Amino acid sequence: MGEQTTRRLTMAQAVVAFLKKQYVERDGVEQPFFAGCFGIFGHGNIAGIGQALQQMPEFRYYQARNEQAMVHAATAYAKTKNRLQTLACTSSVGPGATNMVTGAATATINRLPVLLLPGDTFARRNVAPVLQQLEADFTQDISVNDCFKPVSRYWDRIVRPEQILTSLPEAMRVLTSPSQTGAVTLALPQDVQAEAYPYPADFFRKSVSHIARNRPDCQAVERAASWIRQSKRPLIVAGGGVIYSDATEKLRRFVEQTGIPVSETMAGKGSLLYSHPLNLGAIGVTGTFAANRIARDADLVIGIGTRYSDFTTASKTAFQHPDVRFININVAEFDAAKQHALPLVGDARVTLEELSQILAGYSVDPDYRGAAERLHYEWEQEVDRLYSIRNTPLPSQGELIGAVNELSGDRAIMVCAAGSLPGDLHKLWRARSPKNYHLEYGYSCMGYEIAGGLGAKMAAPERDVYVMLGDGSYLMMNSEIVTSIQEGCKLIIVLLDNQGYKSIGSLSRSLGQEGFGTRYVYPQNGAWPTDSAGAEAQTLPVNLADNARSLGARVIECESYNDFTSAIEVAQKSDLTTVIYIQNDRYVSVPGYESWWDVPVAEVSEMPSVQAARREWEVMRAKEAI
Ligand SMILES: Cc1ncc(C[n+]2csc(CCOP(=O)(O)OP(=O)(O)O)c2C)c(N)n1
Ligand SMILES: [Mg+2]
């Protein structure tokens, strides 16, 4: 080996210099993998990664208000970019680092890539305990960053500067792997970040990760095709993988060729245009009667890019045909094997292509196709009905969703994550393009919404981004309104105030618990007023509209449906992040449609309502598949 040229850089400088040169390529399109780095500085990263980012301004630094929020923003960015681009996130040691743990879990559970660079306490140890250091009396080889291990797909602590030579390539392998991706955490001790090392110059050359479209085993594809031919009532469950793989067009052709109807998961909504006659809409707990009825009697379920959460399977009660079989197309062997399926481990797009070829000439029975199409049209009428309710004095959530849907453009991105909105949106939102519906429902993390909206807007500045959230989520984390203004990333934030948790309130009532702990009210005589206290409970003197105004947003307060629609029009024309504030009814709900969610009810209770709920639960529990 000849003599290698080297570059003497600090470890932190080397990390940034390396990240800057990482590219990905899929289908002949090449792009940088990192759009920059979010960061909040403290003593644990200011002189390391902070100094490096200052020295290399071409790797763009973004300030954030909260470390959890910046990870959410990076995650939403990656989701919007179909996982082909993301951001790094740097934090200090201690609380800055652990604030990112929730973000890491959100990214990993949703299978979205983010690179986390928390600072860590000194590798050289002599001045320990440093500020914010966790001490243990049984080892010195521990820090709060060990909390990232279960929520990261790859985790490492860099205690010598040369370790990044092997760690960063591993980080890239995992981040860019469609089957492995999630949060990657490299804990960077504060002292090592600032330490210099003669790195081989080659390490900083442009590097392109080619994203493979792996094909499944040929025999498995043949077997799958024969199962499809034998099936009388097949159903597709389209998950997020359809969208990430950019397989939506292939799916449409496959569906038109075969006549197999499609249901969509939370992450998969948008896989097929809502108006397609074979689109039955949302499946599962938050599903439509169209999808849930077809699912109940399906003899073959073809899962594409889905992880089969309990919301999708209605807690394992969705598929009731005694001989139902599953075929799963998934990049991850782990997901492909779920439901005891015939696994087609491969990319959704190429696998659909192969199946289409083998199934040439095949189509489902016209009666079955006709029945599915009729259900589609009946469901569309139900959406029209819920869109046109004009509830008074406070509007219903369904009509507000309808207004946002009808007034926003086909290419807009609607972002949501938690509360009663996700379920209502899953049923009612009419997805008109694959990126139209951006739900973080793997972790359903309150606080994702505004931060996620920021990330989506950064990824797609040409699109309008609508963030829909409740007062609970807003109070949990509204900080990135400030970042959206700082970065000129205009958001339209629709804030639905129902003074507490409509979602968990209704869940609580269904369990016989009267909404305990879910209203934003003062305690009465030391006890928590439930829903039975009605209007007697005293509400809190909180003004969320003023709160949003104080952060620099334009705020439009609405009282009626008509105010709301004009506010959307005003917000669309504005360049500034706009919060549309409206109160809505805690009790008027979009119903459930022939589905169930397993939330175990107390086996012993002094409350007759809880005892009754328990009896109902036992009946449904018995219907669950293993
Ligand atoms: C961080 C976090 N904490 C708790 C929960 C459990 N949870 C789910 S929905 C919800 C209430 C959401 O309230 P709000 O945003 O006002 O929406 P609403 O239910 O009123 O529609 C809670 C507490 C969660 N999903 N995320
Ligand atoms: Mg609420």
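The values are calculated or read from the model by the stated rules, or taken from the named source; none is laboratory data. Not measured: the values here are computed from a predicted model. Quick reminder, even Gly has a Cβ in these numbers, built from the backbone with ideal geometry, and neighbours come from all protein chains shown. Keep in mind that these areas ignore ligands, DNA and RNA; they rest on the heavy atoms of the full protein, side chains included. Shrake-Rupley method; radii C 1.70, N 1.55, O 1.52, S 1.80 Å.
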Q. Given the structure, is Arg369 open to solvent by 10 Å² or more (accessible area, probe 1.4 Å), assigned to a helix (DSSP H, G or I), touching an Asp or Glu at 6+ places or on another chain (Cβ under 9 Å) and farther than 25 Å from Ala571 by Cα?
A. no
Q) Can you name every residue in the range 503-520 that is open to solvent by less than 20 Å² (accessible area, probe 1.4 Å) and closer than 22 Å to Ser396 by Cβ? A) Gly505, Ser508, Gly515, Thr518
Q: Within the range 569-592, work out how many residues are surrounded by fewer than 16 Cβ atoms within 10 Å (Cβ to Cβ) and under 24 Å from Asn391 (Cβ atoms).
A: 4
Q: Give the residue that is farthest from ligand 2 (Cβ to nearest atom), with candidates limited to residues of the range 439-451 that are farther than 13 Å from Ala69 by Cα and open to solvent by 10 Å² or more (accessible area, probe 1.4 Å).
A: Gly442
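Name the one entry in Thr90, Thr106, Thr102 that is surrounded by fewer than 24 Cβ atoms within 10 Å (Cβ to Cβ), under 30 Å from Val331 (Cα atoms) and out of contact with any Lys or Arg (no Cβ under 9 Å at 6 or more places or on another chain).
Step by step, each of Thr90, Thr106, Thr102 is checked, and only Thr102 is surrounded by fewer than 24 Cβ atoms within 10 Å (Cβ to Cβ), under 30 Å from Val331 (Cα atoms) and out of contact with any Lys or Arg (no Cβ under 9 Å at 6 or more places or on another chain).
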Q.
For the range 462-480, check the following and say yes or no: at least one residue is touching a strand residue (DSSP E or B) at 6+ places or on another chain (Cβ under 8 Å), assigned to a loop (DSSP other than H, G, I, E, B), at pLDDT 95 or above and more than 16 Å from ligand 1 (Cβ to nearest atom).
A. yes
Q.
So in the range 144-161, with the set limited to residues that are of a type outside the set (Phe, Trp, Tyr) and part of a helix (DSSP H, G or I), which one is surrounded by the most Cβ atoms within 10 Å (Cβ to Cβ)?
A. Asn145
Q) Tell me, which strands (runs of 3 or more DSSP E) wholly within the range 58-130 include 2 or more residues that are in contact with a Gly (Cβ under 8 Å, 6 or more places away or on another chain) and over 20 Å from Gln22 (Cα atoms)? A) 114-120
Q: Return a yes/no flag: does the range 46-56 have any residue that is hydrophobic (A, V, I, L, M, F, W, C), surrounded by fewer than 18 Cβ atoms within 10 Å (Cβ to Cβ) and in a loop (DSSP other than H, G, I, E, B).
A: yes
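Taking the conditions exactly as written (open to solvent by less than 10 Å² (accessible area, probe 1.4 Å) and either more than 14 Å from the chain's Cα centre (by Cα) or more than 16 Å from ligand 1 (Cβ to nearest atom) (or both)), does Ala431 satisfy them or not?
Yes: the conditions hold for Ala431.
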Q) Are there any pairs with C-beta distances below 7 angstrom linking a residue in the range 412-424 that is within 13 Å of ligand 2 (Cβ to nearest atom) and of a type in the set (D, E, K, R) to a residue that is open to solvent by 10 Å² or more (accessible area, probe 1.4 Å) and assigned to a loop (DSSP other than H, G, I, E, B), with the two at least 6 apart or on different chains, and if so which? A) Asp424/Val590
**Q.** Pick from the range 337-358, criterion among the aliphatic types (A, V, I, L, M) and open to solvent by less than 40 Å² (accessible area, probe 1.4 Å), ranking: farthest from the chain's Cα centre (by Cα)
**A.** Leu355
Q) Pairs under 6 Å by beta carbon, first residue farther than 21 Å from Ile283 by Cα and within 16 Å of ligand 2 (Cβ to nearest atom) in the range 582-604, partner open to solvent by less than 70 Å² (accessible area, probe 1.4 Å) and outside any loop (DSSP other than H, G, I, E, B), six or more apart or different chains? A) Ile582/Cys558; Ile582/Phe564; Gln583/Asp497; Asn584/Gln397; Asn584/Leu496; Arg586/Lys502
Q: Consider Arg215 carefully, then state whether it is farther than 28 Å from Thr317 by Cβ, touching a residue at least 24 places away in the same chain (Cβ under 8 Å) and in contact with a Gly (Cβ under 8 Å, 6 or more places away or on another chain).
A: yes
Q. Considering the range 460-482 alone, what residues qualify as being buried (at least 24 other Cβ atoms within 10 Å of the Cβ) and away from ligand 2 (no atom under 14 Å from the Cβ)?
A. Val465, Tyr466, Val467, Glu480, Ile481
Q) Looking at this structure, is Gly398 in a helix (DSSP H, G or I) and closer than 19 Å to Ser275 by Cβ? A) yes
**Q.** So Ile260, is it open to solvent by less than 10 Å² (accessible area, probe 1.4 Å), over 20 Å from Met414 (Cβ atoms) and not in a loop (DSSP other than H, G, I, E, B)
**A.** no
